[in-house]
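Chemist: What follows is a structure written as structure tokens; I'll ask about it next.
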Amino acid sequence: MSSDKLPGAQHTVPPPRTQGAATGGQPLSATAGQFVDKIDPFSKRGNSRRRRRLVNSSRYHTENEPELVQLPLIKDTPFAEQTNLVVQKLQQCQKIFDFYDPVAQLKSKEIKRAALNELIDHITSVKGSIVEPIYPEVIKMVSKNIFRVLPPSDNSEFDPEEDEPTLEVSWPHLQLVYELFLRFLESPDFQAAIGKKFIDQRFVLNLLELFDSEDPRERDFLKTVLHRIYGKFLGLRAFIRKQINNMFLSFVFETDSFNGVGELLEILGSIINGFALPLKQEHKVFLVKVLLPLHKPRCLSLYHAQPIKVLIASSALCGRSE
């Protein structure tokens, strides 16, 4: 299984803007340019949760870029030409927009939103729509949209019962990208033999890193996506289990902070229920070395129900395998 990184364009950080979301839409002072480069973007943040993801702004490149062009509807195109049109729309949807600026490139944002909805409907309702040329374009589009560096949290004592989670500002597009990817994986036309050329270990690693997202909506989609990948690709199963175990061990013994513990435990609960008997030594080691130590971190209350369920499932299987 290849572990090469997915190809992607090299990004250059644009120069600081004189106004925009970071300044509340107001122009900077005349002297701001003299010290803007010295500002630590993660220090002295305000209480506004809207500003906590401004670190992601470097992935947006909207200056002097042309608007997206409205392409014909897929359903109005001859069947023989639909695959080429689908590829064009997937390539259009690779473009990332700045949702911190609510009035920037509204036309292009709407074209992308409509294209994503149309693609979701197309691969769901048109039999035979997922053909081999579509696979690399779907994976490239998904990768461009969802894979990103998550900013560090500035609320180390987050309480889900009292604090509002940090929501992803680009969710209007991101949600549709996740939905399209799920429909793609769940389609009867999807062929794992082709998909494994593009959904490899590197892709899975990038996916797992996103489980630290503070947005519970994103983690819920990620949980379902990873579960589908686990079910579709037999060659990735052991790798996925190993990487989840490594993430848990890092959480318990190093970081003591990870937002996706509950979701990953839910996935493992389903995986454990599908284990064949007798249990492999790997699965018994997981119970002792990984699952039990998860009761150690101080934030156990955030995911207490999940390890109990997994522990019960594991214990039941261990008892039946003896």
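The values are calculated or read from the model by the stated rules, or taken from the named source; none is laboratory data. Quick caveat, the model's predicted, so the values are computed rather than measured. Positions of Cβ are generated from backbone atoms using ideal geometry, with glycine treated the same way; all protein chains shown enter the neighbour counts.
Chemist: Test each condition in (1) part of a helix (DSSP H, G or I); (2) out of contact with any Ser or Thr (no Cβ under 7 Å at 6 or more places or on another chain) for Arg202 and report the one that comes out false.
Modeler: Against the list (1) part of a helix (DSSP H, G or I); (2) out of contact with any Ser or Thr (no Cβ under 7 Å at 6 or more places or on another chain), Arg202 comes up short only on (2).
Chemist: Here is a check on your reading of the model: is Gln94 among the polar types (S, T, N, Q) and in a loop (DSSP other than H, G, I, E, B)? It would help to see each step written out before you state the result.
Modeler: Details: among the polar types (S, T, N, Q): yes; in a loop (DSSP other than H, G, I, E, B): yes.
Criteria met by Gln94.
Chemist: Sticking with this structure for a sec: Looking at Phe211, Phe275, can you tell me which residue is aromatic (Phe, Trp, Tyr) and either within 30 Å of Pro136 (Cβ to Cβ) or modelled with pLDDT of 75 or more (or both)? Working first, answer last.
Modeler: Working: Phe275 fails: either within 30 Å of Pro136 (Cβ to Cβ) or modelled with pLDDT of 75 or more (or both).
Result: Phe211 is the single residue among Phe211, Phe275 that is aromatic (Phe, Trp, Tyr) and either within 30 Å of Pro136 (Cβ to Cβ) or modelled with pLDDT of 75 or more (or both).
Quick grid of which residues meet (1) surrounded by fewer than 18 Cβ atoms within 10 Å (Cβ to Cβ); (2) part of a helix (DSSP H, G or I):
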position: Arg113; (1), (2): yes, yes
position: Ile123; (1), (2): no, yes
position: Lys127; (1), (2): yes, no
position: Lys144; (1), (2): no, yes
position: Leu167; (1), (2): yes, no
position: Gln175; (1), (2): yes, yes
position: Glu179; (1), (2): yes, yes
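Chemist: Of the conditions (1) crowded, with 18+ Cβ neighbours inside 10 Å; (2) under 28 Å from Leu180 (Cβ atoms); (3) hydrophobic (A, V, I, L, M, F, W, C), Leu234 fails just one. Which one is it?
Modeler: Just one mismatch for Leu234, condition (1).
Chemist: Which of (1) of a type outside the set (S, T, N, Q); (2) surrounded by 17 or more Cβ atoms within 10 Å (Cβ to Cβ); (3) outside the structural domain of Val142 (by TED's automatic domain parsing) is the odd one out, the single condition Glu254 does not satisfy?
Modeler: All conditions pass for Glu254, except number (2).
Chemist: Give the residues of region 240-286 that are of a type in the set (Val, Ile, Thr) and closer than 24 Å to Asp200 by Cα, sorted by residue number.
Modeler: Here is the first cut: in region 240-286, the residues of a type in the set (Val, Ile, Thr) are 240, 244, 252, 255, 261, 267, 271-272, 285.
If the condition is that a residue be of a type in the set (Val, Ile, Thr) and closer than 24 Å to Asp200 by Cα, then Ile240, Ile244, Val261, Ile267, Ile271, Ile272 are the ones that fit.
Chemist: Could you count how many residues in region 240-271 are of a type in the set (Ser, Thr, Tyr) and touching a residue at least 40 places away in the same chain (Cβ under 8 Å)?
Modeler: Let us first name the residues in region 240-271 that are of a type in the set (Ser, Thr, Tyr), namely 250, 255, 257, 270.
If we keep only those that are touching a residue at least 40 places away in the same chain (Cβ under 8 Å) too, we end up with 257, 270.
The total comes to 2.
Chemist: I'd like to verify a number: residues in region 64-113 that are under 21 Å from the mean Cα position of the chain (by Cα), closer than 17 Å to Trp171 by Cα and among the hydrophobic types (A, V, I, L, M, F, W, C), how many?
Modeler: 4
Chemist: Please go through (1) at pLDDT below 95; (2) in a loop (DSSP other than H, G, I, E, B) for Ser57 and return the number of the only condition it doesn't satisfy.
Modeler: Failing condition for Ser57: (2).
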